[in-house]
1. May I ask you to say which residue of Arg278, Arg240 is in contact (Cβ under 8 Å) with a residue 24 or more places away in the chain, in a loop (DSSP other than H, G, I, E, B), of a type outside the set (Gly, Ala, Ser) and out of contact with any Ser or Thr (no Cβ under 8 Å at 6 or more places or on another chain)?
2. Scan the range 162-188 for residues that are among the charged types (D, E, K, R) and crowded, with 24+ Cβ neighbours inside 10 Å and report the count.
3. Would you check if Arg119 is at pLDDT below 95 and out of contact with any Gly (no Cβ under 8 Å at 6 or more places or on another chain)?
4. Looking at Arg295, Arg285, can you tell me which residue is among the basic types (Lys, Arg) and not in a helix (DSSP H, G or I)?
5. Consider Gln164 carefully, then state whether it is at pLDDT below 95 and among the polar types (S, T, N, Q).
6. Please go through the range 296-333 and give me each residue that is crowded, with 22+ Cβ neighbours inside 10 Å and out of contact with any strand residue (DSSP E or B) (no Cβ under 8 Å at 6 or more places or on another chain), ordered by number.
7. Name every residue in the range 291-322 that is over 20 Å from Ala38 (Cβ atoms) and touching a Lys or Arg at 6+ places or on another chain (Cβ under 8 Å), in order of residue number.
8. Would it be correct to say that Arg69 is in a loop (DSSP other than H, G, I, E, B), over 17 Å from Tyr300 (Cβ atoms) and either of a type outside the set (Ser, Thr, Tyr) or modelled with pLDDT of 95 or more (or both)?
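The values are calculated or read from the model by the stated rules, or taken from the named source; none is laboratory data. From a predicted model like this one, the values you see are computed outputs, not experimental measurements. Cβ coordinates were reconstructed from backbone atoms using ideal geometry, including for glycine residues, and neighbour counts include every protein chain displayed.
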Amino acid sequence: MTRLVALAAAVLIAAGCGATQQAVARSKRFTPGVVAGAYDQRSAKATRRLGARVVRVEFDIGTPAAALRHSVAAIARQGARPLLLAGFEGRIPTEAEARNLAAWAAEFGPGGRFWKHRRAARRRPVRLIEFGNETSGGYQYGDDSYTDPSYLARAELYATRFAQAHAAIKRTHRQVGLLAQADDGGTRSPAWVDHMFAAVPRLDRMVAGWTVHPYGPEWRWKDKLHRLARQTAAHGASRRIPIDVTEYGISSDDGAPLSDNYGWPVNETYAQAASSLRATVAGMRSDPAIGPRLRLFMVYALYDQLPPRASDDREHYFGVLRHDLAPKGAYTAAVRRLFKQS
């Protein structure tokens, strides 16, 4: 399959990579933000309370651009810029769905139709689109191992669809970059990156940033980020390509024990979670191999899924705010300070 996919992708590479390279060449200024679920009035209120400047919001990759207008407008009204996540959980998109991202770029990118009749103060055009969410992880697809043929084929088809989406966006002449996953999904193997490049050998010329979700303390995030840097560099990818942390969070129910916490204590208080977050950001930014490349740092998530003490499942308590949108003490304060750095 590798040879056939590579031949198909070669045609797409010939279209050129100018827009991507311009996006990569732009400032890599550290840009923190927050991850939202479905963007409704509650999400808008939470965004406003936190002062977030970038909001990551997911839509299925096949969604028509018109269906995004309400959410994009709501985010912009809060003074934030949307980071659009093109999702395709448990599957790989079709070619038509990949090319649909051109419509998103044409509508919401710099100079896009959506912004023409809006006040300049509320124009926050989309500059980046994230292609898929944790597609390199087996949990969505049922792979037993990174050696499974299904896993390797998925990496190749993912890269091919990425190249098709990139080519379509380029034809819109909007300066919208596309983010590719270089997170090895915790496998500690270069298999994902190797097979992306096997299918699309010059993938790095299309990539506006490598995405990764390095949850956990330094002993977890440092190893994962350095693997990303090594695995992409092994294929000749520039070390100037930004690294975009599109999810990072610490679960806390203010001391109540939770099921797990990605290596952090399961019973972290809000104050302890604040200290852990500050240490993580400082550590990543000061790392000589990672800091100069670190761009997006998206905190997961806007608010807790349940009220305090309603569950011991970690997934319910990653919020920057509590379920009722009340502050989580020092943790909320730490995130607000982080957003002021953007």
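1. Exactly one of Arg278, Arg240 is in contact (Cβ under 8 Å) with a residue 24 or more places away in the chain, in a loop (DSSP other than H, G, I, E, B), of a type outside the set (Gly, Ala, Ser) and out of contact with any Ser or Thr (no Cβ under 8 Å at 6 or more places or on another chain), namely Arg240.
2. Going through the range 162-188 one residue at a time, the tally reaches 1.
3. Criteria met by Arg119.
4. Arg295
5. Numbers: at pLDDT below 95: no; among the polar types (S, T, N, Q): yes.
Taking the combined requirement at face value, the residue does not satisfy it.
6. Result: Tyr317, Tyr331.
7. Within the range 291-322, Gly291, Pro292, Arg293, Leu294, Arg295, Pro308 qualify.
8. Answer is no for this residue.
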